[in-house]
1. Cβ-Cβ under 7 Å, sequence separation 6+ or interchain: first residue in segment 580-597 and part of a helix (DSSP H, G or I), partner open to solvent by 40 Å² or more (accessible area, probe 1.4 Å). Which pairs?
2. Of the residues ILE448, ILE456, only one is modelled with pLDDT of 95 or more, more than 30 Å from LYS542 (Cβ to Cβ) and touching a strand residue (DSSP E or B) at 6+ places or on another chain (Cβ under 8 Å); which?
3. Which of the residues belonging to segment 408-422 are of a type in the set (S, T, N, Q) and either at pLDDT 95 or above or surrounded by 14 or more Cβ atoms within 10 Å (Cβ to Cβ) (or both)?
4. Let me spell it out: the conditions are (1) within 23 Å of MET217 (Cβ to Cβ); (2) at pLDDT below 95, and ASP123 meets all of them except one. Which number is the exception?
5. Condition first: touching a residue at least 40 places away in the same chain (Cβ under 8 Å) and open to solvent by 60 Å² or more (accessible area, probe 1.4 Å). Now tell me which residues in segment 239-265 satisfy that.
6. Looking at the structure I just gave you, is SER175 under 25 Å from HIS262 (Cα atoms) and hydroxyl-bearing (Ser, Thr, Tyr)?
7. Quick check on my filter: what residues within segment 103-127 are more than 32 Å from the chain's Cα centre (by Cα) and assigned to a strand (DSSP E or B)?
8. Please work out which residue is least open to solvent (accessible area, probe 1.4 Å), limiting yourself to segment 55-70 and to residues that are farther than 24 Å from THR195 by Cα and in contact with an Asp or Glu (Cβ under 7 Å, 6 or more places away or on another chain).
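The values are calculated or read from the model by the stated rules, or taken from the named source; none is laboratory data. Predicted model, so just to flag it, every value in this text is computed and none were measured. No Cβ is skipped: glycine too gets one built from the backbone with ideal geometry, and neighbour counts run over all protein chains shown. These accessible areas exclude ligands, DNA and RNA; they are computed on the full protein's heavy atoms, side chains included. Shrake-Rupley method; radii C 1.70, N 1.55, O 1.52, S 1.80 Å.
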Amino acid sequence: MRYSTQNTFNRFIPWMSAGVFAWLFASCASMASPNGGPYDELPPKVLHSMPGNGETSVKGRKIEIVFDELIQVERPSENVIITPPQKNMPEILALGKKIKIELKDSLIPDVTYTIDFTNSVSDNNEKNILENFSFAFSTGETIDSLEVSGLVLNADNLEPVPNIMVGLHRDLADSAFTTAQFFRTSKTNDRGRFTIRNIAEGNYRLFALNDVNRDYMFDQPGEDIAFHDSIIIPSFELRMRQDTIWKDSLTIDTVRTVEYTHFLPDDVTLRLFKEDFRRQYMLRPERTEKHLFALNFNAPADTLPSLSLTDEPPSGDWYLVQRDGSGASLQYWITDSLVYNRDTLHLQVSYLKSDSLNVLRPQIDTVHLAMRRQPAAARSRRTKGDEPEPVRFLSMQINASSQMEVFDTLSVTFTEPVVKLDSSVFVFEQKQDTLWHPAGFSLQQDSINLLKYYLIRPFKYDEQFRLTIDSAQIYSIYGKWNDASRTTIQIKPKDSYGDLYLHVEGIEEPAFVELLNASDVPVRKSKVHEGWAIFTNLKPDKYYVRLIEDANGNGVWDTGNYAEKKQPETVWYAPRFYEIPANFEIEESWSPRLTPAERQKPMDITKNKPKDVTRKKGDYKQEGRQQQSGRSSNPFGGIGF
């Protein structure tokens, strides 16, 4: 019999077509495939451990904790805190459903050990965090159970400070913080809160420490610290609370009154600060122009260094010096052309430098400053003389604009030191009706920046001025002259501003109040006088308020010092903003002490905002719709059914 593939294929076509059509119809009709059930939204649960949590008379250094699901421990070397502190780094491993810990130090007799995992333990898949998980055991016959809780805030801006070590000392001597490890420790969470657990009865000193070198003591001057002025005495009391049992999401089954143990103190506030400490030494000097060089230091110095040229010193003064805004960099303008035309300057710099004990000692360094060379192409163009060198005017920046604030001060800043400046070069006029008339002012050089001059005149609302400077009226010490300039100035009217009269209650003077913008940056400052801080001529805006108790009356916030037992100056925030509209006077009262420190700073300007550690619930209906949408298209790219 002859076999025909063509006939066989023709007989198979109807069956194949029917099968494909049925498959496509079933695909289009399918609403969604099973999504695997609800998400796991519960954190891991401890099933058992060896030794048991709270067990006494423990002798071994190995701990094993078993959970009901696969788990992980995030950065255990940073997030897991073991008390008493360990000299040798323990081994902490997450293996499947277990955490295995091996302590490398010998166990101390009759001591309660606490392993505080903070928020580092979570399940392996959904990352549900087991919050504030801790494990404890005792090498003695009893286990200590008292707790101390509180908050660590940045002293100058009340920001909650995370990941700061907080510790207790049984030794009440002041030197314990700087010479001995903490007795019991914990760490602040993302909101700056801490709980030190498993404390024995007794008297303690409480500290916070940004432990840079992880030795559990304050032995680095650059470490942030806080200390509590009073002795801490842990205690507890029995309290009652209402517990509600629900039949379902809408129906209450039972409300029970339950007795529980409440540990005290639970509201200690520590204000973290860094002492005013910086070692003094010179950084890399630089010569940016032939007539300009800079000596850079890591910190501002009280006295200027003395300079001398080691080769061919000039007979008289040969430089002008000024500090930058920070005071740590000094700019030197060379005034003697025989000096600044040298290819290399050889200097001896005599200054004060910190030794290993941070004591300032006289230091002499030799500095070699080479002149920067122009690129070859620029030198070639200048040599050939194809193009005349353009006139380089003395640059100056005038802070005047077409609209100026009534509280502004007119200033002129030059790019180079100028030869003795006379007020007559500034033609300052005021418009009255339609005519311009001379307006009086006084010229004053800035006390720090020798390139800046002020044209001082109190402005009034809605005034109009004109400032004119003719060409070649001002010369720099290097021979450059100014270009002509004319600026018209309009002072804003009274109805452009609002005023704030703030009555501050319960604060002893001296103190001052700062108005802050939405970035927590001060924009205005006023001393508190007879209980009032007054701000006039404010731009219409939303303002926040901070008060500093200025103990020494110097007008700035001062940090603390542990050796002197001096706390940083106290800072208060108003827990709200103040909306200042144009052409309004707002009078408000504020009692800073009525609001606890942790609730003062408005959340709008708080940078360290709370983090949601709980996983958001899965939207199963939405997941089904997404799966349905993903499967509804024709797999062949044609028209769907």
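1. Pairs that qualify, where the first residue is part of a helix (DSSP H, G or I) and the partner is open to solvent by 40 Å² or more (accessible area, probe 1.4 Å), are PRO592/GLY506; ARG593/GLY506; ALA597/THR269.
2. Within the list ILE448, ILE456, the selection yields ILE456.
3. Initial filter on segment 408-422 (of a type in the set (S, T, N, Q)): 409, 411, 413, 415.
Passing the criteria: THR409, SER411, THR413.
4. Here ASP123 meets the rest and fails (1).
5. Listed by number, the list is empty, since nothing qualifies.
6. Answer is no for this residue.
7. THR112, TYR113
8. GLU69
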